[in-house]
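**Student:** This is the structure, below, for whatever I ask next.
The values are calculated or read from the model by the stated rules, or taken from the named source; none is laboratory data. Just so it is clear, the model here is predicted, and its values are computed rather than measured. With ideal geometry, Cβ positions are generated from the backbone for all residues, glycine too; neighbour counts draw on all protein chains shown.
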Amino acid sequence: MKPKRKFSKKELKAQARENSNTAHILQHKTQNENHTAIFLPDQPKQKIALSKIITVRDFAQKLDLPVQTVIMELMKNGVMANINESIDFETGQIIALELGFETENEDTNKKEKDEEVLKDGYERPPIVIVMGHVDHGKTKLLDVIRKTDVVSGESGAITQHIGAYQVEVALKDQKRAITFLDTPGHEAFSSLRAHGANLTDIVVLVVAANDGIKPQTVEAISHAKSAAAPIIVAINKIDLPEADPEKVKRQLAEINLLPEEWGGKIPTVEISAAKNQNLDKLLELIILVADMLELKTTKKGLAQGAVIESKTLKGFGPVATVLVQKGELNIGDIITVGKTWAKVKAMYDWRGNKLLNVSPSMPALVAGFRSMPETGEIFQEQKDEKIARQKISQNTKYQPVKSIHNQGSDSNISTHIIIKADMAGSLKAIEDKIKEIDQSKIKVEIIVKAVGAITETDVNLAEVSQAWIIGFKSTLTPEVRKLAQEKKVSIRNFDIIYELLDYVYGEIEKILPPEIEEKIIGRAKVLKTFHQFKTQVVAGLEVIEGEILPDTDANQWRDHRKMGKVKLKSLELEKQTVKVLKTGATGGAKLVKKSPFAKVKKNDIIETYQIIKKEQKLRRGR
């Protein structure tokens, strides 16, 4: 849906340039929000790449700003668009300029990067993620692959699991490297993609030959498709007497994954991880697919990549497992990640061996961070520490200054839900209704949606991702229910769809903080000031409306402009301390100034108020 515009782009761009050339304050006010962000012209502007068309949600993520702030800026410039609607490049360029950002065309930028890669032509190892049902042999397969690593040598001093590893395998007359991401379930995989880190080149889908396709297998397939990564199906456990690889292939065909030997495009290989059977064929197939993908990048220029996981390590402080995507990361390099940065003090591979440099597609544990980086964030090497600090300053300065109005509408509040249903139609209906929830109040993320029973896998995923599980005519065993109780995971099952939705809305409303309102108690006019200091003043007041009480907060107004906030500490009437001044009364008041410590002047209006908290309610649609 193309948003309507009230002004021409030429007018908007001229206004944006004018605003960007002077220091200015943008104030965005909604019923529950009062954001103030200050932009200074002499600070370096961050550059972002925009595509021809971009949704408002993605645009806000590029700017690293709350969606509400971006929507308000669009409205301020005459563009009416909600979170899911799209804007074009020129509109995005105008709004970005208003908010202190420079822009470049993503398509042009991509072309330049492609040309850079072609000139360098560094052939990088493929990045592979192994996915599948929890009992189908994924862990065993990864363990065996790790043991096929032909690089000899004892483990180093660091033996911590770092979430990713690179092995060299001997294939015929050459050695080839393959990087495996060892992510704990699909949540970490989704987290990386949510931050724009599409790291995966190839997905290996493990399916047990004796068990076939399971709901969790379908979930893994949807993740692989969303990443636009080619899928290799490893049909495992062929050593078991009840193994039926052909049945698995039929099931794959039924879900539009037609095997190559049946005329499709999905390569399959029959293996036994337990017996180390045909694993060489799987690794050869991975290399073959990688060669077809022509995975090339550049080792030149500043390093860039993504954070796979982060934690605190004794003796090192905050550390992160990173995967380099371009350039080369060296000891002593300066990198920025979101709102933190690091001077690389030490790097280790997955065996614990020290590294001096890390090439593209190579994972490493990096020490030297000032604070904990977030999983999935993109890291970028900077030329020096000064630039890094400026970058971090830019990433943090756009955080809105929270006033009392927006304490109940922080869009950073989120909740995770796992949905299981008896039929695909029911599942779709539930998903559509949940998606109608106002995302400006709370981010509701459905991390799993599948047809079938509620399983132990669902419970384990809910525990690590702090999700709650809802089922519609779904089933669960006593063992699963007991596990959920042990792990304190909420499971609710329903037979009527609207009872389910009422429950979901009710639970989400419990999470939302209350809406904050300022109920005006009284207004007084400043007649004279005495003993004016930076943080306090004694003033003579005339009450013009309502009543004035001691120990109350107040807004200070001048010529219809809010100058700041004060607190009335005490009141006097005819040199006697009183507890109230009513309409028409004149008396003295001791005022304590709050930031920004504005000077109180004659004829200022002091407006006292009471804080009212109201429960937030979500609009229900039927």
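**Student:** Could you check how many residues of the range 473-494 are of a type in the set (Ser, Thr, Tyr) and surrounded by 15 or more Cβ atoms within 10 Å (Cβ to Cβ)? Walk me through it before giving the result.
**Tutor:** Our first condition is that a residue be of a type in the set (Ser, Thr, Tyr); within the range 473-494, this holds for 474-475, 477, 490.
Those left that are additionally surrounded by 15 or more Cβ atoms within 10 Å (Cβ to Cβ): 474.
Count: 1.
**Student:** Output the residue which, of all residues in the range 65-103 that are of a type in the set (D, E, K, R) and in contact with a Ser or Thr (Cβ under 8 Å, 6 or more places away or on another chain), is modelled with the highest pLDDT. Even if it seems obvious, please write down each step before you answer.
**Tutor:** From the range 65-103, those of a type in the set (D, E, K, R) are 73, 76, 85, 88, 90, 98, 102; that's our starting set.
Next, only the ones that are in contact with a Ser or Thr (Cβ under 8 Å, 6 or more places away or on another chain) stay: 85, 98.
Working: Glu85: 72, Glu98: 82.
Ranking the candidates gives Glu98 first.
Listed here are the residues, each with its yes/no results for (1) within 28 Å of Ile516 (Cα to Cα); (2) outside any loop (DSSP other than H, G, I, E, B).
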| site | (1), (2) |
| --- | --- |
| Phe533 | no, no |
| Lys562 | yes, yes |
| Gly587 | no, yes |
| Glu607 | yes, yes |
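**Student:** I've got another one for you. Quick one: how many residues across the range 80-102 are more than 17 Å from Ser440 (Cβ to Cβ) and not in a strand (DSSP E or B)?
**Tutor:** 12
**Student:** Can you name the residue in the range 568-589 that is under 19 Å from Lys534 (Cα atoms) and surrounded by fewer than 18 Cβ atoms within 10 Å (Cβ to Cβ) and is also nearest to the chain's Cα centre (by Cα) among such residues? Can you show your working first?
**Tutor:** Filtering the range 568-589 down to residues under 19 Å from Lys534 (Cα atoms) leaves 568-570, 588-589.
Going one step further and asking which of them are surrounded by fewer than 18 Cβ atoms within 10 Å (Cβ to Cβ), we end up with 569-570.
Numbers: Lys569: 43, Ser570: 47 Å.
Restricting to residues being under 19 Å from Lys534 (Cα atoms) and surrounded by fewer than 18 Cβ atoms within 10 Å (Cβ to Cβ), the top hit is Lys569.
**Student:** Sticking with this one: Scan the range 565-580 and report the pairs whose first residue is in the same structural domain as Thr608 (by TED's automatic domain parsing) and whose second residue is outside any strand (DSSP E or B), with Cβ atoms within less than 6 Å and a gap of 6+ or a chain change.
**Tutor:** Between residues of the range 565-580 that are in the same structural domain as Thr608 (by TED's automatic domain parsing) and residues that are outside any strand (DSSP E or B), the close pairs are Lys565/Lys594; Leu568/Pro550; Ser570/Pro550; Leu571/Pro550; Val580/Leu549.
**Student:** I would also like to ask the following. Among the residues of the range 458-505, which ones are in a helix (DSSP H, G or I), of a type in the set (Gly, Ala, Ser) and out of contact with any Asp or Glu (no Cβ under 8 Å at 6 or more places or on another chain)?
**Tutor:** Pass one, the range 458-505, residues in a helix (DSSP H, G or I): 458-465, 478-487, 497-505.
Cutting the leftovers down to of a type in the set (Gly, Ala, Ser) gives us 462, 465, 484.
Answer for the range 458-505, where residues must be in a helix (DSSP H, G or I), of a type in the set (Gly, Ala, Ser) and out of contact with any Asp or Glu (no Cβ under 8 Å at 6 or more places or on another chain): Ala462, Ala484.
**Student:** While we're on this one: Considering only residues that are of a type outside the set (A, V, I, L, M) and either exposed (fewer than 14 other Cβ atoms within 10 Å of the Cβ) or in contact with a Leu (Cβ under 7 Å, 6 or more places away or on another chain) (or both), look in the range 411-425 and name the one that is modelled with the highest pLDDT.
**Tutor:** By that ranking, first place goes to Ser414.
**Student:** Sticking with this structure for a sec: Of the conditions (1) at pLDDT below 70; (2) of a type in the set (A, V, I, L, M, F, W, C); (3) surrounded by fewer than 22 Cβ atoms within 10 Å (Cβ to Cβ); (4) part of a helix (DSSP H, G or I), Leu192 fails just one. Which one is it?
**Tutor:** (3)
**Student:** Filter the range 233-257 for residues that are touching a helix residue (DSSP H, G or I) at 6+ places or on another chain (Cβ under 8 Å) and either of a type outside the set (A, V, I, L, M, F, W, C) or within 16 Å of Thr217 (Cβ to Cβ) (or both) and give the result.
**Tutor:** Quick first cut of the range 233-257, residues touching a helix residue (DSSP H, G or I) at 6+ places or on another chain (Cβ under 8 Å) only: 233-236, 238, 249, 253, 255, 257.
Once the filter is applied, which keeps residues that are touching a helix residue (DSSP H, G or I) at 6+ places or on another chain (Cβ under 8 Å) and either of a type outside the set (A, V, I, L, M, F, W, C) or within 16 Å of Thr217 (Cβ to Cβ) (or both), the range 233-257 yields Val233, Ala234, Ile235, Asn236, Lys249, Ala253, Ile255, Leu257.
**Student:** Quick one: count up the residues across the range 48-66 that are touching a Phe, Trp or Tyr at 6+ places or on another chain (Cβ under 8 Å) and acidic (Asp, Glu). Reasoning before the result, please.
**Tutor:** Applying the first criterion (touching a Phe, Trp or Tyr at 6+ places or on another chain (Cβ under 8 Å)) to the range 48-66 yields 48, 50-54, 63-65.
In the following step, the residues that additionally are acidic (Asp, Glu) were identified as 64.
Selection size over the range 48-66: 1.
**Student:** Still on this structure, I have one more. Need the failing condition index for Gln390 against (1) polar (S, T, N, Q); (2) assigned to a helix (DSSP H, G or I); (3) under 25 Å from Val128 (Cα atoms), just the number.
**Tutor:** (3)
**Student:** For Ile497, indicate whether it is surrounded by fewer than 19 Cβ atoms within 10 Å (Cβ to Cβ), touching a residue at least 12 places away in the same chain (Cβ under 8 Å) and aliphatic (A, V, I, L, M). Write out each step before concluding.
**Tutor:** Details: surrounded by fewer than 19 Cβ atoms within 10 Å (Cβ to Cβ): yes; touching a residue at least 12 places away in the same chain (Cβ under 8 Å): yes; aliphatic (A, V, I, L, M): yes.
For Ile497, the condition - surrounded by fewer than 19 Cβ atoms within 10 Å (Cβ to Cβ), touching a residue at least 12 places away in the same chain (Cβ under 8 Å) and aliphatic (A, V, I, L, M) - is met.
**Student:** Might you let me know whether the range 506-521 holds any residue that is in a strand (DSSP E or B) and buried (at least 20 other Cβ atoms within 10 Å of the Cβ)? Break it down into steps so the answer makes sense when it comes.
**Tutor:** Restricting attention to the range 506-521, the residues satisfying the condition of being in a strand (DSSP E or B) are 515-521.
Going one step further and asking which of them are buried (at least 20 other Cβ atoms within 10 Å of the Cβ), we end up with none.
No, that holds for no residue.
Residue-by-condition table, conditions (1) touching a Phe, Trp or Tyr at 6+ places or on another chain (Cβ under 7 Å); (2) under 30 Å from Lys613 (Cβ atoms); (3) at pLDDT 85 or above; (4) of a type in the set (Ser, Thr, Tyr):
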{"residue": "Ser409", "(1), (2), (3), (4)": "no, yes, no, yes"}
{"residue": "Leu427", "(1), (2), (3), (4)": "no, no, no, no"}
{"residue": "Val444", "(1), (2), (3), (4)": "no, yes, yes, no"}
{"residue": "Val464", "(1), (2), (3), (4)": "no, no, no, no"}
{"residue": "Glu486", "(1), (2), (3), (4)": "no, no, yes, no"}
